[in-house]
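Some notes on the structure that comes next.
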Amino acid sequence: MASPQVETLSHDGTWLQLVPELGGAVIGYASEGREAPVNWMRPVELATIEEAGAIEASSYPLVPFSNRIAHGCFRYEGREVSLPADPLLPPHAIHGHGWRAAWEVTERTEASIVLKFSHASDSWPWQYEAVQRFALDETGLRIEMELINQSETNMPAGLGIHPHFPAASQVRLKTGVTNAHVGDETLLPITQDADYPAIKPLSEGTSLPEGLDLCFGGWDGSAEILWPEENRGLRISASPEFGHVVIFTPPGKDFFCVEPVSHCVNAVNLEGTDWGTTGLLHLSPQQSFKATALFQPFFI
């Protein structure tokens, strides 16, 4: 069996590699360096995601929902929905369909590409189309995501981007959030905490808090990553549609994640409760939704 096609975009010494067939995933975002490439996202070998899937990629799409749905079950406008538990992260459904699907290339230039994924109704009883648009230019890497409800009824939905960044002993992350969604032992949110200990160091950018796997609300849409020992950094600027951010900093790993997302974890089950704003979308038939994030490298 032939290996999946790797698509490489390039602009002025920076390149992006994607594998549309494997979750529409990114496997490398890097620039030319003096002695070796400078990796802005963790680099991944094609063979790795061929074996393990897009979960091991540099970045992958979250569509039509982000993160966990409790036991894959929810009720929406009188309809009971039951999704299969994700085999890697049971007992919940997680991250939607896009990261496990083949995407089609619909447009291509040297520095840009458009990918499309069409979902027919199944256990997720809505038909939809998802689009990813990637572009490299002098400002950095722009990723635009779009979701179109092609069903005859309203669809609950959301979008997200799941990038992995290289971890280092002195890496710093600065971003502004108003509350942490503290979870239970299976990481389902149970309360919102405006005084969560990680919020202050994140706002000051003094260090990267370790051991996080949390969604944060009230995100200002911006984040700055610094690798001071390498004299470089990366700014993330997200459109207002990405009102939440998931931060994942697993101890002892060579990566961490800063994930722009449109809604909180388990939003379909928290919507309409005393949780407050969840960010969940309610797309009417043929309605579309777009969100964009810019990843902008810089040197100090």
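The values are calculated or read from the model by the stated rules, or taken from the named source; none is laboratory data. Keep in mind it's a predicted model, so treat the numbers as computed, not measured. Note that we place each Cβ from the backbone using ideal geometry, even for glycine, and neighbour counts take in every protein chain shown. Calculation scope for accessible area: heavy atoms of the full protein, side chains included, ligands and nucleic acids excluded. Shrake-Rupley method; radii C 1.70, N 1.55, O 1.52, S 1.80 Å.
At-a-glance table
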item	result
Lone unmet requirement of (1) free of Cβ contacts under 8 Å to residues at least 12 places away in the same chain; (2) within 17 Å of Glu144 (Cα to Cα) for Phe65	(1)
Test for Leu214: is it farther than 27 Å from Ala70 by Cα and either among the aromatic types (Phe, Trp, Tyr) or out of contact with any Ser or Thr (no Cβ under 9 Å at 6 or more places or on another chain) (or both)	no
Out of Gly221, Gly217, sole residue that is out of contact with any Leu (no Cβ under 7 Å at 6 or more places or on another chain), of a type outside the set (Lys, Arg) and crowded, with 21+ Cβ neighbours inside 10 Å	Gly217
Of the criteria (1) under 22 Å from Ile225 (Cα atoms); (2) in a loop (DSSP other than H, G, I, E, B), which one Glu21 fails	(1)
Test: residue in the stretch 153-174 that is out of contact with any helix residue (DSSP H, G or I) (no Cβ under 8 Å at 6 or more places or on another chain), surrounded by fewer than 20 Cβ atoms within 10 Å (Cβ to Cβ) and within 25 Å of Pro285 (Cα to Cα)	yes
Of all residues making up the stretch 55-113, the number that are open to solvent by 40 Å² or more (accessible area, probe 1.4 Å) and over 20 Å from Pro4 (Cβ atoms)	16
Unique match (being outside any loop (DSSP other than H, G, I, E, B) and either within 19 Å of Gly140 (Cα to Cα) or not charged (D, E, K, R) (or both)) among Gly233, Gly272, Gly279, Gly252	Gly233
Matching residues in the stretch 32-54 - criterion: being over 22 Å from Arg100 (Cβ atoms) and open to solvent by less than 10 Å² (accessible area, probe 1.4 Å)	Trp40
Top-ranked residue of the stretch 175-189 - restricted to ones that are part of a loop (DSSP other than H, G, I, E, B) and out of contact with any Gly (no Cβ under 9 Å at 6 or more places or on another chain), ranked as most open to solvent (accessible area, probe 1.4 Å)	Glu185
Flag for Phe295 being open to solvent by less than 30 Å² (accessible area, probe 1.4 Å), aromatic (Phe, Trp, Tyr), under 18 Å from Leu141 (Cα atoms) and in a strand (DSSP E or B)	yes
Filtered residues of the stretch 1-31 (kept if buried (at least 22 other Cβ atoms within 10 Å of the Cβ) and small (Gly, Ala, Ser))	Gly23, Gly24, Ala25, Gly28
Residue tally, condition assigned to a loop (DSSP other than H, G, I, E, B) and within 21 Å of the chain's Cα centre (by Cα), over the stretch 102-138	3
Yes/no for Tyr76 being within 20 Å of the chain's Cα centre (by Cα) and in contact (Cβ under 8 Å) with a residue 40 or more places away in the chain	no
Test: residue in the stretch 190-197 that is modelled with pLDDT of 95 or more and open to solvent by less than 20 Å² (accessible area, probe 1.4 Å)	no
Matching residues in the stretch 138-152 - criterion: being more than 23 Å from Ile236 (Cα to Cα) and open to solvent by 40 Å² or more (accessible area, probe 1.4 Å)	Gln150, Glu152
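For every residue, the table says whether it meets (1) out of contact with any Pro (no Cβ under 7 Å at 6 or more places or on another chain); (2) crowded, with 23+ Cβ neighbours inside 10 Å.
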residue	(1), (2)
Ser239	yes, no
Phe242	no, yes
Val261	yes, yes
Val265	no, yes
Glu271	yes, no
Asp274	yes, no
